[in-house]
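A short reminder: the numbers here are calculations on the coordinates, not readings from a lab. Keep in mind that what you see is a predicted model, and the values were worked out from it rather than measured. Neighbour counts are summed over all protein chains in view; Cβ atoms, including those assigned to glycine, are modelled from backbone coordinates with ideal geometry.
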Amino acid sequence: MSQYEKEFVILLLRDIYGDIAATVVDTLLKYGRLTLQLISRYSKVPTSTIQRALVPLVQNRFVLYWVDNNAGGENTTYVASTRNMYNMVRSGAFVSYVLDRFPDAAGAPDIIKNLLLYGHIRASDYLAAQSTSQAVVSRNALTLLLQHKLLTTLKRHEFNHESDLYMRIFKRRLAAIPRSKTVSEAKREVQAHAEAREEFQVLKRIHDDINDGLVAAANTTSNGTYGNKGYLVSESLPSKTVDESAVLALNYDKFAVLMRAQILVQLVSKRIGNVTAAVYRQVLDCMEPKLFRCVDNSDKAINVTSLEILRRLDADIELGSALVARSSRKRSRSSSSRISKRQKRNHDREGSVSGSDDSMPGSDNFDIDSNRNGDDKRGDRDNSEHDDDDSADDTVVTNSRVEHLNFHLALLSCNQNLPFLKKVGNKGGGEWTIDFGTLTARVRELEYDSLITQKEGPIACRLLRIIREKGRIDEKQLAQIALLPPKDIRSHLTALHEIGCLDLQEVPRGTDRAPSRTYYFWYHKPMGAYALMTQAVLKTIVRCYARVVEERGRRPGVMSKLLREDVRRDEANMLTPAEKEEVRRVRGVEERFIAHMMKLDRLVLIFRDM
Amino acid sequence: MSFRGGRGGRLSRDSGRPTLFGTDIKPEFTPSELYPEFDLPIQANLADFEKRSVHQFLQYQQDVRDSAFYVTDKKRGVVEYEGGVNDGIKRYSDRYLTKRKVGKSVTDHPYIIEFFPQELYSALGVKPSNITTKPKRRRLDLAQFRDSLEQEEGEGEAEEAEADGVSGATRLDAGAEDDEDENQPNEDEDEDEEEEEDEFEEDEEGDYNAERYFDDGEDDYDDGGGEDEAAY
């Protein structure tokens with residue numbers, strides 16, 4: 001909740017939901033929690049209009065409410081929730097993502113669009129509003145989206161603000177602990193807080209259940225595995241369908257997880273290679289059902305085995321194409337030449353030689369790892385379900401798909417600085433996990449470095465990296481380490497200081513604070529720096545959208561003409577060439593600025609939500 | 001605070017004002033330019049995914065504008081952009097404005113009233129007597145997903161085909177669809193405003209429909225009594 005986020009949210013609301021909705025939210029953001037009468041008083045809008053405007057706001061959960069049942073009668077207060085409103089920016093990306101991810105589910109994009117429009121819909125209402133043929137398609141799409149948790153069910157408490165819910169739980173817990181002489185009041189409160197926190201966590205995670213919003217399908221004619229009376233013929237799990245009484249809404253937390261996965265895969269493909277990035281995407285896909293939100297996911301660690309990854313990996317991906325055979329001491333000469341010839345052929349076929357060149361950062365580790373994995377593979381070969389297509393020659397490292405996969409996984413885990421994966425065990429061909437905490441911290445550092453490079457130049461970025469590593473360092477030492485003259489770096493340091501990247505700590509040498517007798521240490525505080533950068537990004541987003549609105553406002557004639565019903569139907573004939581040119585310009589401006597907003601939103605996701 | 005102890009303190013070797021580190025940074029006191037030279041980076045061409053996302057975002061905005069949830073006091077489409085004039089004069093183009101359908105208001109949507117505070121029940125169209133009884137079933141008015149990147153064709157709204165209680169609310173697109181047949185019976189339930197429009201467009205589109213405007217003088221027999229007066 002910052003100044004620019006509030007501005008942005010009000011701008012969006014004014015443009016999308018109308019100016020009265022924007023006024024109501026503006027009042028709520030200025031004054032905090034208000035009742036209906038107070039909103040009316042501060043905004044000078046009549047109560048009935050505010051009620052009308054509050055309906056879509058409450059529906060989309062942009063404004064949360066709390067009903068206070070005390071002796072004086074019912075009292076409803078409203079609070080604006082900028083986090084939910086900010087998610088409007090991601091609405092376009094959500095629909096596009098669903099389109100890409102589920103190309104076969106015909107009803108899926110419609111569902112997302114309607115949920116964007118209406119906030120939440122009861123499943124039975126949605127299915128009833130369509131024809132029977134459409135309803136079947138929609139039902140399948142709903143089930144699919146629910147299983148992937150892109151949709152979530154809504155309960156009543158999700159329309160209340162977190163702090164209100166917590167206070168209610170806390171009061172209940174406090175009342176449950178009996179007063180006694182031995183336990184002081186403060187201790188009671190501490191205990192009540194601890195219990196309340198636990199209960200609150202459980203409350204926040206009630207949608208993590210795998211069957212949330214789903215019920216077992218009754219004997220359906222469309223499902224082939226069911227027999228006559230509806231009992232299962234095959235031994236697979238009973239299929240699920242959407243629960244008709246459930247109220248569905250979009251799950252932006254899950255969408256943030258998916259966006260994070262995309263960002264990580266892009267980073268891998270930039271740093272290591274395309275094939276390895278495809279493997280990493282598969283790893284993340286395997287983990288996806290258990291990842292419900294970016295931060296504070298769940299307490300258990302999520303492990304994936306190599307065999308599972310291999311099973312789900314796309315058969316088209318040439319795992320071996322990006323790898324160069326290491327000459328191992330164990331190999332016989334004839335087989336090594338045979339293998340190297342095969343690898344040469346693969347090199348020529350695929351263009352991803354570059355992937356192999358910079359895929360050997362920790363080459364010693366890799367060698368050891370590959371040998372160790374080779375040993376494991378030989379041991380597991382009897383148990384593995386996949387047959388290797390090479391002859392059983394134990395001394396030769398074979399080029400089977402499992403081996404290649406393990407090479408790639410080893411690549412992902414060998415870099416201590418940027419640990420995409422971590423190996424935790426050996427069963428199932430190797431167990432892997434991702435430590436999202438350290439990984440995302442590192443991703444933030446990299447992203448911040450690139451932003452600083454753009455803003456201040458590569459020298460400033462180098463200085464930042466040195467300071468980050470050293471903690472607190474003064475100018476003279478910094479100049480020594482960076483091999484730059486002190487006068488040069490001073491301007492860079494002050495520039496970084498201005499944008500909030502660095503801070504100064506003064507340590508006086510004597511009792512007087514003469515500047516020549518104090519040490520000045522530069523240091524970098526990551527969270528503060530990222531917060532300031534996020535503010536700058538939000539400010540840019542505000543400016544982008546304000547510009548879009550302004551560009552539309554500069555051409556009122558054409559824009560109001562575009563709203564006409566007959567023009568909407570047939571733009572080609574209804575507009576003059578000059579108007580068409582103006583429309584083309586405005587549309588171009590809209591497209592560029594909104595696409596830019598989405599790119600900036602990616603930065604906000606990295607620094608704030610990931 | 002930064003200059004504390006510097007001004008009156010010991011002299012340093014460097015010239016220039018004393019600063020934090022010593023005295024060799026010379027601060028500039030000339031006013032900086034209002035718009036300094038800046039190398040604007042040029043935006044790269046948009047990827048396909050980005051173009052589609054932008055399109056969907058604009059569609060979402062249009063959908064909400066067209067729905068009942070866009071709450072504004074101004075007459076829509078006219079004063080929306082500052083150039084429009086709200087002077088009460090009836091214009092020809094008014095009939096092409098996005099009309100708020102008579103039956104369509106915020107109350108037409110099937111709300112889940114448990115999720116709303118009681119204060120807002122009146123705005124939802126729920127009367128206190130209705131709360132315990134099952135409310136009248138209302139149908140959702142669904143938005144349809146349009147894939148085309150051309151916003152002109154995509155925005156065929158056809159709110160004409162939708163009225164309260166009609167099932168299968170799909171929008172008439174400029175392009176043909178399979179369920180156009182379903183929409184035929186819906187046209188009977190169109191509102192009067194639409195029929196009025198259709199009357200005019202029966203024969204020919206546009207204003208210059210000669211047959212409609214031709215007046216062959218057969219009806220002008222009422223002036224028979226006024227012929228005695230001289231025409232000036």
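Extending 7 Å from the Cα toward the beta-carbon at both A:ARG41 and A:ALA186 defines two label points whose distance is 3.9 nm.
Just want to confirm a number: the relative contact order over region A:530-609, from Cα pairs under 8 angstrom separated by 6+ residues, in percent. Don't skip to the end; give the middle numbers.
Numbers: 39 pairs, mean separation 43.9, N = 80.
Value for region A:530-609: 55 percent.
Give the relative contact order (percent, whole number) for region A:438-524; include only Cα pairs under 8 Å separated by 6+ residues. Intermediate results must be reported in sequence, preceding the final value.
Values: 92 pairs, mean separation 24.3, N = 87.
Relative CO of region A:438-524 lands at 28 percent.
For Cα pairs less than 8 Å apart in space and 6+ apart in sequence, what is the mean separation divided by the residue count of region A:3-86, i.e. the relative contact order in percent? Numbers along the way, then the final one.
Working: 103 pairs, mean separation 26.0, N = 84.
Across region A:3-86, relative contact order equals 31 percent.
Using the crude model of +1 on Lys and Arg Cβ and -1 on Asp and Glu Cβ, and no other charge, please compute the dipole size for region A:478-599 relative to its Cα centre, in debye to 20.
On the way: 22 positive and 16 negative charges, 19 e Å.
Around 100 debye, computed over region A:478-599.
Going by the alpha-carbon gyration tensor, a ≥ b ≥ c the square roots of its eigenvalues, is region A:438-524 rounded (a/c under 1.5) or, if a/c is not under 1.5, prolate (a/b greater than b/c) versus oblate? Working shown, then result.
Values: a/c = 2.18, a/b = 1.71, b/c = 1.27.
Prolate, because a/c is 1.5 or more and a/b exceeds b/c.
Along the axis of the charge dipole computed for region A:438-524 (Cβ charges of +1 for Lys and Arg, -1 for Asp and Glu, origin at the Cα centre), the listed residues A:ALA482, A:LEU464, A:LEU504 are led at the positive end by A:ALA482. Across the cross-link table entries A:LYS113/A:LYS240; A:LYS6/A:LYS599; A:LYS254/A:LYS539; A:LYS44/A:LYS155; A:LYS539/B:LYS51, which are compared at the Cα atoms, the separations over 30 Å belong to A:LYS44/A:LYS155. Just so you know, the averaged projected area of the alpha carbon convex hull for region A:530-609 sits at 6.0 nm². Applied to region B:49-56, the Karplus parametrisation 6.51 cos²θ - 1.76 cosθ + 1.60 on θ = phi - 60° returns per-residue 3J(HN,Hα) values of 4, 5, 4, 5, 4, 4, 4, 5 Hz, with x for Gly and Pro. With a/c under 1.5 counting as rounded, go ahead and sort region A:3-86 into rounded, prolate or oblate using the C-alpha gyration tensor (a ≥ b ≥ c being the square roots of the eigenvalues; past the cut-off, prolate if a/b is larger than b/c, else oblate). Taking the square roots of the gyration eigenvalues as a ≥ b ≥ c, region A:3-86 is prolate.
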